[in-house]
1. Condition first: polar (S, T, N, Q) and within 13 Å of CYS350 (Cβ to Cβ). Now tell me which residues in region 122-174 satisfy that.
2. Can you say whether ALA154 is more than 28 Å from MET105 (Cα to Cα), within 22 Å of the chain's Cα centre (by Cα) and in a helix (DSSP H, G or I), as far as the supplied structure shows?
3. Out of (1) within 13 Å of the ligand (Cβ to nearest atom); (2) touching a Leu at 6+ places or on another chain (Cβ under 9 Å), what's the single condition that is false for GLN205?
4. Which of the strands (runs of 3 or more DSSP E) contained wholly in region 34-129 include at least 3 residues that are surrounded by 15 or more Cβ atoms within 10 Å (Cβ to Cβ) and touching a helix residue (DSSP H, G or I) at 6+ places or on another chain (Cβ under 7 Å)?
5. Residues that are more than 21 Å from the chain's Cα centre (by Cα), at least 3 per element: which strands (runs of 3 or more DSSP E) completely within region 171-258 meet that?
6. Name the residues in region 323-341 that are under 13 Å from ALA201 (Cβ atoms), among the charged types (D, E, K, R) and not in a strand (DSSP E or B), would you?
7. When ASP287 is evaluated against the numbered criteria (1) within 14 Å of the ligand (Cβ to nearest atom); (2) surrounded by fewer than 13 Cβ atoms within 10 Å (Cβ to Cβ), which criterion, by number, is the only one it fails?
8. Just checking, which of THR193, THR180, THR163 is within 16 Å of the ligand (Cβ to nearest atom), crowded, with 21+ Cβ neighbours inside 10 Å and of a type in the set (Ser, Thr, Tyr)?
Amino acid sequence: MDSDISLGSNGLTLTLDGQEAYFNACWLRDACTSCIDRQTRERIFDASSLPDLPHVTRAWIEGDSLRIAWRDEAAVGTVPLDLLRHVAAHGRPHDPAHLPRTIWMADFEPRITRVSQHDMLHDEVARAQFCRAMITDGIAIVTDMEPGKPSLTALVETMGHITPSAEGFFFEVRVEIAPTNLAFTAGALEMHTDLPGEEAAPGLQFLHCLENTVEGGLSLFLDGAAVAEALRAEDPEAFDLLATHSIPFFYRHDRLDYRAHQRVIELDQQGRVTGVTISQHLLDTMDLPQHLLDSYYPAFIKFIRMMQEDRFVMRFRSQAGNCVVFDNHRIVHGREGYIAESGRRHLRGCYMDRGALRSTYRVLAKRGFDGIAAPALETA
Ligand SMILES: [Fe+2]
């Protein structure tokens, strides 16, 4: 087996499944199983403690591991071949929460994953399905919520903890006498993501419908990634402008004055759309150079108009007892206006970190609950 390994000055080349793969020596030293404390699972090796950079003097395959003899060290290192295979193939270790997004359009409503609150609390299979849907679709619905205010906290705590925003732990969406936000009126609410004026805009949003007997007021949702990808296909220059430049947003009233700059289209290092940030009602005075605005504004307005197109916007009525949960960095939401005197409409909302969602899913997946629907459920 040693013949499949060639040593270089900074690392080694290894043949895995017939393919050559190069690994840097510092990376290999950090990847040795002895670097992680078994009890705390934290890293207990510090490469800077060595007199020189790690250097491989000999390497060989033993069972399902790569064994490495290091210069200046007595102990022989061990790196699992599974890790090397995955990094060679994907550039990163396996992460069960690293799931591809499912882009959706206006007709998605019948396919939204729905899980009862009872199952979220007591059934790990159902909870894993819900978490997986949140990662791939960015939206899911919890049905049959217990009535009353504590119900929402109980739901959030099946996956993490409530993340406070500028207004505290919860917000109540209903008509108010002196509203601090357009959401707290009966007027239409244009498509937006929440609180872009905060340094870290909330990750997941929960909207628990406590009552809804009004005429009108349909809830609107769209997949911001779908609109952004459509813009990239139809107008790449506009897409680049929105993905490159940050614009100012705010959240401000008598007691608060939050301000932050955000890119309207968020990309990852590979250039894939990871999310969007948009809110006309919380857009601050634009501060891009005036000549740049000559091209930025048309792109911005084009994107906003696209978000009003029927092909993207999913419309449904919020039903008392349901809680819609969605990714506030991807799913853009709004509301049609309603007649305040026609009944009562009250949604209780809060936020949670997206990291907590992924953490919950990883722990479930490690225990065998990956959230992939069983065939019987898929055909039900
Ligand atoms: Fe909102």
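The values are calculated or read from the model by the stated rules, or taken from the named source; none is laboratory data. If you're wondering where the values come from, they're calculated on a predicted model, not measured in any experiment. Here the Cβ is made from the backbone with ideal geometry for all residues, glycine too, and neighbour counts use every protein chain on show.
1. Initial filter on region 122-174 (polar (S, T, N, Q)): 129, 136, 143, 151, 153, 158, 163, 165.
Selection gives SER151, THR153, THR163, SER165.
2. Working: more than 28 Å from MET105 (Cα to Cα): yes; within 22 Å of the chain's Cα centre (by Cα): yes; in a helix (DSSP H, G or I): yes.
Against the criterion (more than 28 Å from MET105 (Cα to Cα), within 22 Å of the chain's Cα centre (by Cα) and in a helix (DSSP H, G or I)), ALA154 qualifies.
3. Of everything listed in (1) within 13 Å of the ligand (Cβ to nearest atom); (2) touching a Leu at 6+ places or on another chain (Cβ under 9 Å), GLN205 misses just condition (2).
4. Working: elements: 56-62, 65-70, 76-80, 114-116.
Filter on region 34-129 gives 65-70, 76-80.
5. Working: elements: 171-173, 189-192, 204-212, 219-223, 246-252.
Ranges flagged: 171-173, 204-212, 246-252.
6. Result: ARG330, single match.
7. (1)
8. Working: THR180 fails: crowded, with 21+ Cβ neighbours inside 10 Å; THR163 fails: crowded, with 21+ Cβ neighbours inside 10 Å.
The conditions single out THR193.
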